[in-house]
Amino acid sequence: MADEQMAVDRSGAPGDSTGRDLGDDAAGALGGADAEVPGEVLSAPIGTPTGAPPARPLDAIDRDILRLLQTDGRASVRSVAERVHVSRANAYARINRLIDDGVIRGFSARVNHERAGHGASAYITLKIVQNSWRTVREQLKTLPGATHIALVSGDFDVLLLVHTPDNRTLRELVLTRLQAIPEVLSTRTLLVFEETDLNTDPRA
């Protein structure tokens, strides 16, 4: 379709070069694995309920724990405690507090999408009808292969990351699914050649 522009992004991360405030653009669109050891059960996550109190301030140890769990979500409480130099009980309490405060939203696996059968990845930018963000977001959640959705400022309104088996499937997703959404005015597809996960274990 005429509104779809195919482009290639060699960095895998399109940016906003306009410098405009969120209020100028995006505001108009607004409308597994665990970290426990045997015998220990962390608080039930996950997510911050509506109206929840603000998260308590984080100190250096909290931030070290977050960094370690981002690198390895399967790390045991004992391992985390040893690496941040606190007692096991202290580490356990801190992790539970980070979960209760909604700082930690869950634990998940990092997937090699190509080895998992998704050989084509792309960032897709969308311009959408004003005040339609929530409607569009719910529809984007149902797209196969969609892994990240963000409302942004700049020359477009929404940034979507998708992983598909091949370029043909990607093309069909854009032309038959995305552009069929009434609130989507136009799209632009940025193919990803290579990507690097910054939260990887240096020992791997």
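Here are the numbers:
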read-out: Residue list for segment 169-183, filter: out of contact with any helix residue (DSSP H, G or I) (no Cβ under 6 Å at 6 or more places or on another chain), surrounded by 16 or more Cβ atoms within 10 Å (Cβ to Cβ) and farther than 21 Å from Gly117 by Cα; value: Leu178, Gln179
read-out: Residue list for segment 153-168, restricted to those being farther than 14 Å from Thr187 by Cβ and either touching a helix residue (DSSP H, G or I) at 6+ places or on another chain (Cβ under 6 Å) or crowded, with 16+ Cβ neighbours inside 10 Å (or both); value: Ser153, Gly154, His163, Thr164
read-out: Residue list for segment 81-95, restricted to those being in a loop (DSSP other than H, G, I, E, B) and surrounded by fewer than 16 Cβ atoms within 10 Å (Cβ to Cβ); value: His85, Ser87
read-out: Hits in segment 115-131 (condition: polar (S, T, N, Q), modelled with pLDDT under 95 and open to solvent by less than 90 Å² (accessible area, probe 1.4 Å)); value: Ser121
read-out: Out of Arg78, Arg137, sole residue that is touching a Lys or Arg at 6+ places or on another chain (Cβ under 6 Å) and open to solvent by 50 Å² or more (accessible area, probe 1.4 Å); value: Arg78
read-out: Condition met for Pro45 (within 15 Å of Gly106 (Cβ to Cβ), modelled with pLDDT under 90 and touching a helix residue (DSSP H, G or I) at 6+ places or on another chain (Cβ under 7 Å)); value: yes
read-out: Residues of segment 96-113 satisfying the condition of being closer than 20 Å to Thr147 by Cα, open to solvent by 20 Å² or more (accessible area, probe 1.4 Å) and either touching a Pro at 6+ places or on another chain (Cβ under 9 Å) or of a type in the set (Asp, Glu) (or both); value: Arg105, Gly106, Phe107
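The values are calculated or read from the model by the stated rules, or taken from the named source; none is laboratory data. All of these numbers come straight from a predicted model, not from anything done at the bench. Quick reminder, even Gly has a Cβ in these numbers, built from the backbone with ideal geometry, and neighbours come from all protein chains shown. Side chains included, ligands, DNA and RNA excluded: accessible areas come from the protein's heavy atoms. Shrake-Rupley method; radii C 1.70, N 1.55, O 1.52, S 1.80 Å.
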